[in-house]
Structures are given as C-alpha cells and as structure tokens.
Amino acid sequence: MTCARCSRDIEQDSGYCRFCGAAVGANRVSGFGARRLFRSAVDRKVAGVCGGLADYFEVDPTLVRLAVIVLTIYPGAIFFGLLAYVIAWAIIPLAPRAPFHAAASAV
C-alpha cells in the first residue's frame with residue numbers, strides 16, 4: 001500500500017503511515033463510508049485547519065493555505081476570514097496521532 005500524502009510504501013494492515021502519520025486504509029473512512037473532517041496533527045502551521053481540509057479534499061495543503069490567505073486578505077473579508085478560521089479551529093477535532101513505534105524512529 002502507498003501513502004496518499006507522502007507516497008511511501010507502507011504495510012498493508014497499517015492504519016497510519018509510519019513516515020508522515022497520515023490515516024490510511026480503514027482509518028480514512030468511518031461509519032457508513034463517510035469521511036470525517038479533522039484538524040491535521042502532523043501537517044500544521046498554526047492549528048492544522050488547512051492541513052485537515054487538504055486531507056479531507058485530497059489536495060495539496062499549500063493550495064488550501066494559499067486560498068485561505070487570498071480569501072482572508074480580500075477587501076471586506078478580513079474579519080470573516082479570521083473569524084471562520086478561529087471557529088474552525090474550535091469546532092474541528094484534532095486528528096488522532098499515529099502510535100509511536102520505536103522501529104519507525106530507527107528508519
């Protein structure tokens with residue numbers, strides 16, 4: 001199996017990538033096949049909101065960050081953009097981190 005985020009080969013039965021911590025395989029879906037939105041625990045600059053949105057929509061996190069910056073500095077939208085980010089920070093739960101393995105740190 002290949003990690004969608006870092007494109008490295010990982011074990012078939014893994015729930016998380018041992019290199020970047022991204023959820024893979026069965027952990028990407030829950031319940032009735034619906035994906036859940038989480039703030040990223042590993043791909044974060046401030047609070048992980050943009051990294052989480054990028055994981056959810058399966059796009060490059062840099063594009064999401066750029067879109068948020070452009071929408072935030074757009075005239076008249078500064079207050080709304082900052083307010084939306086802070087609300088997302090408060091509402092979206094933090095993604096569970098992959099368990100630490102001593103073997104992963106030796107690589």
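The values are calculated or read from the model by the stated rules, or taken from the named source; none is laboratory data. Values in this document were obtained by computation on a predicted structure and should not be read as measured data. Don't worry about glycine lacking a Cβ; one is built from the backbone with ideal geometry, like all the others, and counts go over all protein chains shown.
Can we say residue 70 is surrounded by fewer than 12 Cβ atoms within 10 Å (Cβ to Cβ), over 15 Å from the mean Cα position of the chain (by Cα), at pLDDT 80 or above and not acidic (Asp, Glu)?
Values: surrounded by fewer than 12 Cβ atoms within 10 Å (Cβ to Cβ): yes; over 15 Å from the mean Cα position of the chain (by Cα): yes; at pLDDT 80 or above: yes; not acidic (Asp, Glu): yes.
Yes; evaluated as a whole, the condition is true for this residue.
The residues of region 90-107 that are modelled with pLDDT of 85 or more and of a type outside the set (A, V, I, L, M) amount to a single one, 93. Every residue in region 48-72 that is part of a loop (DSSP other than H, G, I, E, B) and either of a type in the set (Val, Ile, Thr) or under 18 Å from residue 87 (Cα atoms) (or both), please. Passing the criteria: 48, 59.
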